[in-house]
Amino acid sequence: MTKEPVPANYDASKIPAYSLPDPLTTLAGEKITTNEEWFRKRRPEVLLLFAEHVYGNSLGPLDSVKGRVLQEGPALDSKAIRKVIRIDFAPTAGAPYMGIHLYLPAGVNKPVPVFVGVNLFDKSKPIPMPGGRVVAEGKKIPAGLDPQMLPGEETIFRILAKGYGIATFHPGDLAPDDAKTYARGIIGFANGNSTERKLNEWGALGAWAWGISRAVDHLATDPAVDPERIIAIGHSRNGKAALWAGIQDTRIAAVISNQSGCGGAALSKRQFGETVALINKRFPHWFCEKFREYDDNEAKLPVDQHLLIAGIAPRPVHIGSADGDGWADPQGEFLSTMNASPVYELVGAGSLGTKEFPPINTVVGNKIAYHCRAGQHALADYDWMVYLDWCDKVLPGKEE
Ligand code: GTR
């Protein structure tokens with residue numbers, strides 16, 4: 001029954017003819033012409049389609065969730081205050097919980113904007129949570145700098161110097177990134193450790209996105225954090241999670257998705273670089289089971305990823321690509337952004353302002369923005385500089 005996926009195509013002349021679902025037409029064929037109609041009719045429908053066909057249905061917020069600050073003190077040459085936070089998902093012993101490392105700029109006496117994302121820190125330099133939590137794979141909670149997600153200390157110093165904080169957590173706390181054990185976190189806890197996987201049940205990406213929202217629950221209560229300026233950020237698989245969290249959770253003020261590719265910002269129907277079949281084969285635990293019906297069958301998908309970006313409107317969104325990252329399909333990420341733009345326009349949040357792929361290392365758009373960096377797959381220092389400048393421009397209240 002399991003067919004081998006069609007190999008990745010990198011030849012633009014071999015992209016199949018495809019048509020994208022119109023963001024501004026409902027499933028029933030009704031045209032959306034006002035802001036009010038978008039939010040009442042089409043956006044909820046889009047959210048549901050992504051839950052049922054792509055990422056699976058997420059658990060809602062948990063009333064009982066309360067974060068506890070376990071440690072607080074100077075870090076990073078005293079340029080930051082680091083808080084180590086633990087969020088228990090239930091008061092019962094053995095219930096899953098997540099650890100968050102929050103770095104805030106030292107010496108700032110007003111609430112700051114904060115980036116939140118999965119695994120912005122390295123697995124290889126563990127700083128155990130107080131209590132020495134060991135996650136399913138036997139790795140401890142990390143807190144070192146990750147060269148792929150956060151290129152070096154100069155980047156984090158830049159973030160802090162600009163007045164931003166950064167909060168991160170290990171994906172394994174929510175769902176280990178492994179096809180056999182992914183349900184050992186919140187997924188198994190939520191379904192009573194069922195061994196049967198339902199068609200629309202969430203996978204690891206859904207659980208990571210949910211983790212971003214649980215981090216927001218806590219961050220919004222920290223007086224040092226500005227709850228109106230929490231930015232979800234992610235690179236690659238974590239960029240997919242950032243988008244999925246961003247559309248679902250309107251407390252997230254802005255979303256940055258860096259080289260998130262297939263199942264993230266890139267259009268699936270172009271079948272360029274990584275495809276639905278290829279991603280489902282390598283990562284069967286990321287999406288819902290239903291998504292497998294679209295393996296080499298993208299034409300049948302009732303959504304494409306431009307709708308995910310559109311659903312974030314009017315909140316700012318920035319999609320980043322790298323020209324050497326064909327696997328993530330930079331053109332497809334651009335086209336997705338471009339096709340989300342009419343929704344931004346409709347809701348009064350401006351537009352991308354172009355239909356042409358921009359020159360390398362050039363940001364286009366404003367609240368809906370895109371850039372393609374020269375180079376390879378990474379959340380590079382250059383990308384962070386772009387994102388920081390962009391946040392300075394588009395976040396609410398930055399002007400005061
Ligand atoms: C790749 C995967 C991509 C992307 C990437 C990453 O192996 O095919 O979809 O998520 O991993 O997260 O680095």
So what J values fall out for region 189-194 if you push phi through Karplus, 6.51 cos²θ - 1.76 cosθ + 1.60 with θ = phi - 60°, rounded to Hz, Gly and Pro as x? 4, 6, 9, x, 6, 5
Any chance you could tell me what percent of the C-alpha pair distances in the chain go past 42 Å? 7 percent
Applied in sequence order to region 371-377, the curve 6.51 cos²θ - 1.76 cosθ + 1.60 (Karplus, θ = phi - 60°) yields integer Hz couplings, x standing for Gly and Pro, of 8, 10, 8, 6, x, 9, 5
Do any of Lys14/Lys281; Lys269/Lys393; Lys281/Lys393; Lys110/Lys240; Lys3/Lys41; Lys41/Lys198 go past 29 Å between their Cα atoms, and which? Lys269/Lys393; Lys281/Lys393; Lys110/Lys240; Lys3/Lys41
Could you work out how much longer the chain between Thr26 and Val69 gets when fully extended? Use 0.36 nm per residue separation minus the Cα distance between them, nm to one decimal. 11.0 nm
State in Å² the accessible area per residue of the chain; use a 1.4 Å probe, count heavy atoms of protein chains only, and round to the nearest integer. 39 Å²
What distance in nm separates the two pseudo spin-label positions at Thr33 and Ala106, each 7 Å out from Cα along the beta-carbon direction? 6.0 nm
With every protein chain kept in place and a 1.4 Å probe, the residues Lys290, Lys269 fall, from largest accessible area down, as Lys290, Lys269
Just the accessible area for Phe189, please: 1.4 Å probe, Å², rounded to the nearest 10? 90 Å²
How far apart, in nm, are two points set 7 Å out from the Cα along the Cα-to-Cβ line at Thr354 and at Val6? 3.0 nm
Would you mind pulling out the separation of the Cα centroids of region 169-199 and region 229-256, in Å? 21 Å
Using heavy-atom solvent-accessible surface (probe 1.4 Å) with all chains present, what is the largest-first order of Trp38, Trp327? Trp327, Trp38
In region 344-393, if the dipole is taken from +1 on Lys/Arg beta carbons and -1 on Asp/Glu beta carbons about the Cα centre, which of Ala380, Trp390, Val364 is farthest to the positive end? Val364
Expressed as a percent, the accessible surface of the chain that is carbon or sulfur, using a 1.4 Å probe and the full set of protein chains, is 52 percent
Ranked from the most accessible area to the least, with a 1.4 Å probe and all protein chains present, what is the order of Arg197, Arg229, Arg251? Arg251, Arg197, Arg229
Please list, in order, the residues from region 277-303 whose amide nitrogen is less than 13 Å from a point placed 7 Å along the Cα→Cβ vector of Ser194. 289
Partner aspartates and glutamates whose C-alpha sits under 14 Å from that of Lys180, ignoring same-chain residues fewer than 8 away, are Glu137, Glu196
Cross-link partners among aspartates and glutamates for Lys79, C-alpha distance below 17 Å, same-chain residues fewer than 8 apart left out? Glu153, Glu154
Under 5 Å from the placed amide H of Val112, counting only residues 5+ away or on other chains, we find Val225, Asp226
What percent antiparallel are the DSSP beta bridges of the chain, to the nearest 5? 55 percent
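The values are calculated or read from the model by the stated rules, or taken from the named source; none is laboratory data. From a predicted model like this one, the values you see are computed outputs, not experimental measurements. Backbone-built Cβ (ideal geometry, glycine too); neighbour counts: all protein chains shown. In case anyone asks, the SASA skips ligands and DNA or RNA and just uses the protein heavy atoms, side chains included. Shrake-Rupley method; radii C 1.70, N 1.55, O 1.52, S 1.80 Å.
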